[in-house]
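A.B. asks: Structure below; questions to follow.
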Amino acid sequence: MFHSLMLKLAPALLVLCLPFTSGCSSEPAPTNPATAGNAGSSSSSGAGSSGAGSGTASAGGSAVGGASSAGAAGSGATSGADGIAGSAGNVGASGSGGMPLKGLGACTMPAGANFADAQANYQKWKTDLLTADGAGGFLRVRRPNSGTQINSSNSEGIAYGMEIAVYMDDQATFDKIWQYEQLHRGQNGLMEWEISPTGEVLGSGAASDGDEDMAFALVMADKQWGGQGSLSDTYLNHAKKLIDLIWEHEVDHTRGDVLMPGDQFADGEIINISYFAPAYYRIFGQVTGKAAEWNRTVKASYDAIEAALNATNKNTTNGLVPAWSTPAGVPTVPAGTSHPIHHQLDSCRTPFRVGQDYCWFGEARALSYLQKINAFHASIGALNLVDGYNLDGTPYAGATLHLAAFVGGAGVGAMASKDQAKLRDEAYAGIAAWQSLLGGSLYYNESWSMLSLLMMSGHLVDLSAK
């Protein structure tokens, strides 16, 4: 998962008010009485579909109602201070089963999904990983037990922090993490992929997974807050500039506009499928007015995923894509590296990223892929998944850890299949009680726990959707 590339590649890359309401603001919200029966709107405490309204939310926050049938009412939010939004109220308890939530299309939430889990874990995530030390007056996400140096930062982690902060409605944290990124840009204006605890470059060159996640987070910040916060320019302008740099330096325009792993790769001859974020590319096209161009990157992503599932790889039906391969699906180690080609802690992000495209845009090719990997995950059991598989579905030698990155990805993928309730419910329960799934890289698994909780609780949605 953590790359020290001769090719200057990055490690594996990728939050809250209720994003589909108008209450996602850093400004204190008015105090209104709760409404009954609907998912809670801004500054109200909503109930599940047959619950009753309860109480009044304090100024500055919002309360969120449960999405499941017969859910209990959400409790009120806490007050915000100094113009910062207060914490959201607890999500109403789930009823008898999960159901689709606005912003998730045909996807289905786990039955026990509750935003209170994300709230609690966000505080732990910040305590464990967020630091001002070595951040140049801003904030960075540190890696306390991994990386070239302990407590170093990477572009992937900065991106995760931005995504988490924007969906947790934490504007101050978001701004400071992005400002840290701007201190560490390379020759093409993209972040160097690994930075020491004291600010020196450990790994030069950009990583496209981190860059695309940052760009997406900036677009969502524009929808969440608008304006520019404490930045030098608007969130939207920062997003557009970054998207254009990705298009210029990290997309191979000679191979169907497939995403390259970073700006120091000469081309897209070798790719990392887990970097592909087709839902984000659709949004990039909307933001920049280049929908046709970015749709080619969407197509190239699915072409590569489908090519990688073949008889030679013995993975035709199980969805286990290799970590590194050619766009034609041949597992290939990048020259000068010892990078893995089995399905591992990079690869396990694929059902999460593809799941976003199905939930937000209803992509048929996404569903076809997810049905395959969902069936594999279900055959093992969410909490029995280990941290690596050969492409034929047998456990990779030495893979024994049960980790949040694998379990969370499996849970998000299962949201696309109504018949996979057991898989997504068990995955959610495991992530919500995430302490047992934090082996290996603490930063990586805590971050994927947060992203998975946000996605499975129906809060990580496309805020730009009309």
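A.B. asks: Where in the stretch 363-420 are there trypsin sites (Lys or Arg not before Pro) that are in a DSSP coil and have at most 13 other Cβ atoms within 10 angstrom of their Cβ? Please list the in-between numbers first.
C.D. replies: Values: sites: Arg365, Lys372, Lys418; in loops: Lys418.
Filter output for the stretch 363-420: Lys418.
A.B. asks: Using θ = phi - 60° and the Karplus relation 6.51 cos²θ - 1.76 cosθ + 1.60, list the HN-Hα couplings for the stretch 290-297 in order, rounded to whole Hz, with x at every Gly or Pro.
C.D. replies: After applying 6.51 cos²θ - 1.76 cosθ + 1.60, I find 10, 4, 4, 5, 6, 5, 5, 5 Hz.
A.B. asks: Counting other beta carbons within 10 Å of each residue's own, what order do Phe406, Phe115 fall into, fewest first? Before the final figure, lay out the partial values.
C.D. replies: On the way: Phe406 31, Phe115 27.
The order, fewest Cβ neighbours first, is Phe115, Phe406.
A.B. asks: May I ask you to sort Glu163, Glu194, Glu293 by Cβ crowding, counting other Cβ atoms within 10 Å and putting the fewest first?
C.D. replies: In increasing order of surrounding Cβ atoms, one gets Glu293, Glu163, Glu194.
A.B. asks: Going from the alpha-carbon gyration tensor of the stretch 115-456, what semi-axes, largest first and in whole Å, does one get by taking the root of 5 times each eigenvalue?
C.D. replies: Semi-axis lengths for the stretch 115-456 are 28, 23, 20 Å.
A.B. asks: Per residue of the stretch 104-119, what does 6.51 cos²θ - 1.76 cosθ + 1.60 with θ = phi - 60° give for ³J(HN,Hα)? Whole Hz please, x for Gly and Pro, Karplus curve as stated.
C.D. replies: Residue by residue, the stretch 104-119 yields 10, x, 8, 6, 10, 6, x, 4, x, 4, 8, 4, 4, 5, 5, 4 Hz.
A.B. asks: Same structure, new question: For the stretch 122-280, what is the relative contact order in percent, using Cα pairs closer than 8 Å and at least 6 residues apart in sequence?
C.D. replies: Reported as a whole number, the value is 19 percent.
A.B. asks: Oh, and also: Place a +1 charge on the Cβ of each Lys and Arg in the stretch 115-456 and a -1 charge on the Cβ of each Asp and Glu, then give the dipole magnitude about the Cα centre in debye, rounded to the nearest 20.
C.D. replies: 620 debye
A.B. asks: Please name which of Gly289, Ala300, Ala328 has its Cα lying farthest along the dipole of the stretch 273-405 towards the positive end, using unit charges on Cβ (Lys, Arg +1; Asp, Glu -1) and the Cα centre as origin.
C.D. replies: The listed residue farthest towards the positive side: Gly289.
A.B. asks: Determine the relative contact order of the stretch 115-456: mean sequence separation of Cα pairs under 8 Å and six or more apart, normalised by residue count, in whole percent.
C.D. replies: Relative contact order for the stretch 115-456 comes out at 14 percent.
A.B. asks: Could you list, in their original order, any pairs among Lys314/Lys422; Lys240/Lys422; Lys124/Lys223; Lys299/Lys372; Lys299/Lys422 whose Cα atoms are separated by more than 29 Å?
C.D. replies: Violating the 29 Å limit, Cα to Cα: Lys240/Lys422; Lys299/Lys422.
A.B. asks: Provide the net charge surrounding Ser452, with neighbours chosen by a C-beta distance below 15 Å and charges set as Lys +1, Arg +1, Asp -1, Glu -1.
C.D. replies: Charge balance near Ser452 sits at -2.
A.B. asks: Could you list Arg255, Arg185 in order of exposure, starting from the residue whose Cβ has the fewest other Cβ atoms within 10 Å?
C.D. replies: Arg185, Arg255
A.B. asks: At 7 Å along Cα-to-Cβ for each site, give me the label-to-label distance between Ser196 and Lys418 in nm.
C.D. replies: Here the answer is 5.7 nm between the modelled labels.
A.B. asks: While we're here: Can you tell me the mean projection area, over all orientations, of the convex hull of the stretch 129-239's alpha carbons? Units nm², please.
C.D. replies: Average projection, Cα convex hull of the stretch 129-239: 6.0 nm².
A.B. asks: Place a +1 charge on the Cβ of each Lys and Arg in the stretch 290-376 and a -1 charge on the Cβ of each Asp and Glu, then give the dipole magnitude about the Cα centre in debye, rounded to the nearest 20. Kindly include the intermediate steps, with their values, before the conclusion.
C.D. replies: Working: 8 positive and 6 negative charges, 5 e Å.
Rounded to the nearest 20 debye, it is 20 debye.
A.B. asks: Let me ask you something else. Explain nothing, just the number: dipole magnitude of the stretch 341-466 about its Cα centre with +1 on each Lys and Arg Cβ and -1 on each Asp and Glu Cβ, in debye rounded to the nearest 20.
C.D. replies: Numbers: 8 positive and 10 negative charges, 47 e Å.
Roughly 220 debye for the stretch 341-466.
A.B. asks: May I pose another question? Roughly speaking, what is the centre-to-centre gap between the stretch 295-372 and the stretch 110-127 when only Cα atoms are used, to the nearest Å?
C.D. replies: If we compute the Cα centre of each part, the gap is 29 Å.
FYI, it's all coordinate maths here, none of it is from the lab. Since the structure is predicted, the reported quantities are computational estimates derived from the model, not experimental observations. Using ideal geometry, Cβ is built from the backbone for each residue, glycine included, and neighbour counts are taken over all protein chains shown.
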